[in-house]
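Beneath this line is the structure, given in structure tokens, with notes to follow.
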Amino acid sequence: MPFQAKDRIVFIGDSITDKGRKKDPLKLGSGYVRMIHDYLSLEYPQLALKIINEGVSGNRVIDLEKRWRMDVLDHQPQWLSISIGINDVWRQLDNHDVEQVYPDKFEAVYRHLLEQTKELPDCRLILMEPTVIKEYPDSTGNGLLKPYVSIVNRLAEEYNAILVPTHQAFLTFLGYETGKDLTTDGVHMTPLGDTLMAATWIKALNGTTK
């Protein structure tokens, strides 16, 4: 069992993490974070774990950098789960006028955030691969996403973080050609997509020791 009593787990990311959290009385939203919260509440009721959702729709890694102090460090979490990268690629496809976050910058900013997190000596990092852009592996978006997924994998190894292989989990599911949609629009999750994210996160945590 990796968790201790009253551990705080912060989830930070974009709209996939946000999932309407501001309209939710528990501020968890209706997506994968809520599913993980409910699972952990049932699995470890004695621990009184505190789940904090800091997802913000539209965020890229440069936006996380602007709010890292308030939305991560100030919480003093024992666990930090990061899911970012989709918008860093999506903006390259839908908005050519904004400053783009190409792989080199993505890695540099992400690394800077992880370095800052070292001031939390008891915080364990959980890095989630970006999911997918369109539900076919050879889409333009998924092609552009590949180096970002590789960066997350590399940083997870370098910083001794738990890697959640969400991108690979999505590609594996798509390979079965079930006809069941994981996203509503190629990016945002259906309940099935959220369930896949939550299940992949939980599997990555299982067997982990603090």
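Each value in this text was obtained by applying a stated rule to the coordinates, not by laboratory testing. Computed from a predicted model, the values in this text were never measured in an experiment. Every residue, glycine among them, receives a Cβ derived from its backbone with ideal geometry; neighbour counts consider all protein chains shown.
If I take the Cα coordinates of the stretch 6-50 and project them onto the principal axes, what are the three extents in Å, biggest first?
Principal extents (largest minus smallest coordinate, Cα): 30, 16, 15 Å.
Mind listing which GluC sites (Glu not before Pro) in the stretch 154-194 are in a DSSP loop and have 14 or fewer other Cβ atoms within 10 Å?
When the GluC sites (Glu not before Pro) of the stretch 154-194 are filtered for loop state and at most 14 Cβ neighbours within 10 Å, GLU177 remain.
Determine the equivalent ellipsoid of the chain by diagonalising the alpha-carbon gyration tensor, then write out the semi-axes as square roots of 5 times the eigenvalues, largest first, rounded to whole Å.
With the √(5λ) rule applied to the chain, the semi-axes are 25, 20, 16 Å.
Could the peptides 77-83, 41-47, 182-188 be put in order, highest first, of the mean number of other beta-carbon atoms found within 10 Å of their residues?
77-83, 182-188, 41-47
Given a cut-off of 17 Å, what percent of all Cα-Cα pairs of the stretch 1-78 lie beyond it?
Above the 17 Å cut-off, the stretch 1-78 has 46 percent of its Cα pairs.
Quick one, could you list the DSSP H helices from the chain stretching 24 Å or more along their long axis (Cα atoms) with average Kyte-Doolittle hydropathy of 0.5 or above?
none
Using θ = phi - 60° and the Karplus form 6.51 cos²θ - 1.76 cosθ + 1.60, what ³J(HN,Hα) does each residue of the stretch 22-30 get, whole Hz, x for Gly and Pro?
So the J values, rounded to whole Hz, are 5, 8, 8, x, 8, 6, 9, x, 10.
Taking Cα pairs under 8 Å and at least six residues apart, what relative contact order does the chain come out at, in percent?
Relative CO of the chain lands at 23 percent.
Amide H of ARG124 versus every other amide H placed in the peptide plane: which residues, excluding those fewer than 5 positions away on the same chain, fall under 5 Å?
For ARG124, the qualifying residues are TRP79, LEU80.
Using the Cα centre of the stretch 7-127 as origin and beta-carbon charges of +1 (Lys, Arg) and -1 (Asp, Glu), tell me which of LEU49, GLN100, THR117 is placed farthest towards the positive end of the dipole.
My answer, from the dipole projection, is LEU49.
Under a point spin-label approximation (7 Å from Cα along Cα-to-Cβ), what is the LYS50-LYS146 distance to one decimal in nm?
4.3 nm
When the convex hull of the C-alpha atoms of the stretch 29-72 is computed, what volume per residue in Å³ does it have?
81 Å³
Within the stretch 7-115, count lysine pairs with alpha carbon atoms under 22 angstrom apart where the residues are 8 or more positions apart or belong to different chains.
Lysine pairs meeting both conditions in the stretch 7-115 amount to 9.
Determine the shape class of the stretch 123-210: with a ≥ b ≥ c the square roots of the Cα gyration tensor eigenvalues, call it rounded for a/c under 1.5, and otherwise prolate if a/b is greater than b/c, oblate otherwise.
Oblate, since a/c reaches 1.5 and b/c is not below a/b.
Can you tell me the length gained on complete extension of the stretch TYR136 to ALA108, counting 0.36 nm per residue apart and subtracting the Cα distance?
Stretched out fully, the TYR136 to ALA108 stretch lengthens by 7.2 nm.
Could you list, bin by bin from short to long, the percent of Cα-Cα pairs of the stretch 87-168 in 5 Å steps?
Result, from short to long distances: 3, 15, 23, 23, 17, 12, 6, 2, 0 percent.
Size of the dipole of the chain about the Cα centre, Lys and Arg at +1 and Asp and Glu at -1 on the beta carbon, nothing else charged, in debye to 20?
Here the size comes out at about 600 debye.
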